[in-house]
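Reviewing the structure listed below.
Please treat every number below as a calculation from the coordinates, not as lab data. All of these numbers come straight from a predicted model, not from anything done at the bench. Here Cβ is always computed from backbone atoms with ideal geometry, including for glycine, and neighbour counts include all displayed protein chains.
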Amino acid sequence: MADYLPPAAPAAQPPITAALIVYALFAIAAISGVVSSGLVTFAPLVVIAGIVGVIVAYVKRGEAQGTWVASHFDWLIATFWWSLLWDVVALVIGILTFWILGLGILLGILILAATSIWVIYRVVRGYLAFKDSQPLPVAT
C-alpha cells in the first residue's frame, strides 16, 4: 500500500483587502478631520474611522508578517501614533502658552494643521506604494 503525501497547503495570501480598508479609513478620518468643521480639529485620526483603522491594522499585522503588506500595516500604525502624539503636543502648547503669550492657540493650530497635512501625505504615499505592491521603508 502506497503512502500519499497530502497536498501542500497553498501559500497564505497577505491581507491585502484589510490593508486597503485601513488606508480608506485613515483617508476618511484625516480628510474629515480637516474639512468637517472648516477648521483643523484635534487628532485627525482620533475619530471613529481612525480608531477602527488602527485596530484593524493591529489585528491583521500578524497575518501579514513576511510579506510586503506588513510594512504597510507598520506604516499606518506609526502614522496613527505619531499623529496622536503631535496633536497632544499641539494641545498642550496651546493651553500652556495661551495664558502667557495669547498666541499659543495660533501655534497649536499651526501644529495641528501641519500634522493633518503630514497624515494626508503619509496616507497618499503609502497607498501609492500599496497599489504597486511595493513595501514601505521600515524606519518611519
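Structure above, values below:
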read-out	value
Label point distance in nm, Leu103-Ile21, each placed 7 Å from Cα along Cα→Cβ	4.7 nm
Environment charge at Ala78 (Cβ cut-off 13 Å; Lys +1, Arg +1, Asp -1, Glu -1)	+2
Counted charge near Leu20, where neighbours are those whose Cβ lies closer than 12 Å (Asp, Glu -1; Lys, Arg +1)	+2
Proximal charge balance of Ala57 [Cβ under 15 Å; K/R count +1, D/E count -1]	+1
